[in-house]
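Only one structure is covered here, and it is reproduced in the block below.
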Amino acid sequence: MVEKIKEERICPSAIATSYTGKAKRAVKELKDIIFPYDPEAEVLETRFRDVILIYTILDKESLKNLMKKMRPSALARFVVADKCIILKNQDEILRLTDVIEDMFIKYRGAKFYVDCIKRGDFIDSCHRLETLIGRRLYEKNLGIIDFKKPDLIIKLENIDNMFLISIIKPKEDRLKRSF
């Protein structure tokens, strides 16, 4: 299970993935970037290799802009959570799909796909979850599934029973500099 940081801070603001073996360096870089704006922020490694959780009071846009501007060299990916859900058991998976459906209504008609990354053994298969969510949005005429040229990606970052949900543009989670 995800360690409880503070009563009001169970869900992180963002999740980051460092390059292989660079988690300690990535944590230091993230702290150096975020602490001047939020000295109470917490940047923690998880029990999953190279996965880092960020707890901060900074708003979503400020956090995204900081990462784009500073581009920590040890980070491969950085995803700011639009929503976070903690499920008690697998029977609540439909609650997760309801939340995603509510979030996606404002993007009605967009081309999309669902990308799930599973860490832990709370869910059996990310593929099944991706299919369930994609089919549901498609059947409700909320969007068109398109793997080649999507407008949006519904990103599910699963750590044990916690799901960070983000709706992002393609490659928005990548921090690699383009020269």
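The values are calculated or read from the model by the stated rules, or taken from the named source; none is laboratory data. Computed from a predicted model, the values in this text were never measured in an experiment. So basically every Cβ, Gly included, is an ideal-geometry build from the backbone, and we count neighbours across all protein chains shown.
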Select from segment 8-44 the residues that are under 17 Å from Arg119 (Cα atoms) and either buried (at least 21 other Cβ atoms within 10 Å of the Cβ) or touching a Leu at 6+ places or on another chain (Cβ under 8 Å) (or both) and list them in ascending order.
Cys11, Pro12, Ala14, Ile15, Ala16, Thr17, Ser18, Tyr19, Ala23, Leu44
Does Thr97 satisfy the criteria of being under 17 Å from the mean Cα position of the chain (by Cα), outside any strand (DSSP E or B) and of a type in the set (S, T, N, Q)?
yes
Go through segment 120-150 and give me each residue that's more than 24 Å from Lys106 (Cα to Cα) and either of a type in the set (Ser, Thr, Tyr) or surrounded by fewer than 17 Cβ atoms within 10 Å (Cβ to Cβ) (or both).
Gly120, Asp121, Asp124, Ser125, Cys126, His127, Arg128
Looking at Asp146, Asp82, which one is among the acidic types (Asp, Glu) and under 15 Å from the mean Cα position of the chain (by Cα)?
Asp82
Give the number of residues within segment 83-99 that are in contact with a Lys or Arg (Cβ under 8 Å, 6 or more places away or on another chain) and over 16 Å from Asp160 (Cα atoms).
2
Select from segment 103-134 the residues that are assigned to a strand (DSSP E or B) and not aliphatic (A, V, I, L, M) and write down the one among them that is farthest from Pro170 (Cα to Cα).
Arg119
In segment 143-160, how many residues are modelled with pLDDT of 95 or more, closer than 22 Å to Lys118 by Cα and of a type outside the set (Val, Ile, Thr)?
8
Index of the failed condition, Phe78 passing every other in (1) in a loop (DSSP other than H, G, I, E, B); (2) crowded, with 17+ Cβ neighbours inside 10 Å
(1)
Looking only at residues in segment 105-119 that are surrounded by 13 or more Cβ atoms within 10 Å (Cβ to Cβ) and more than 19 Å from Glu92 (Cα to Cα), which one is nearest to the chain's Cα centre (by Cα)?
Asp115
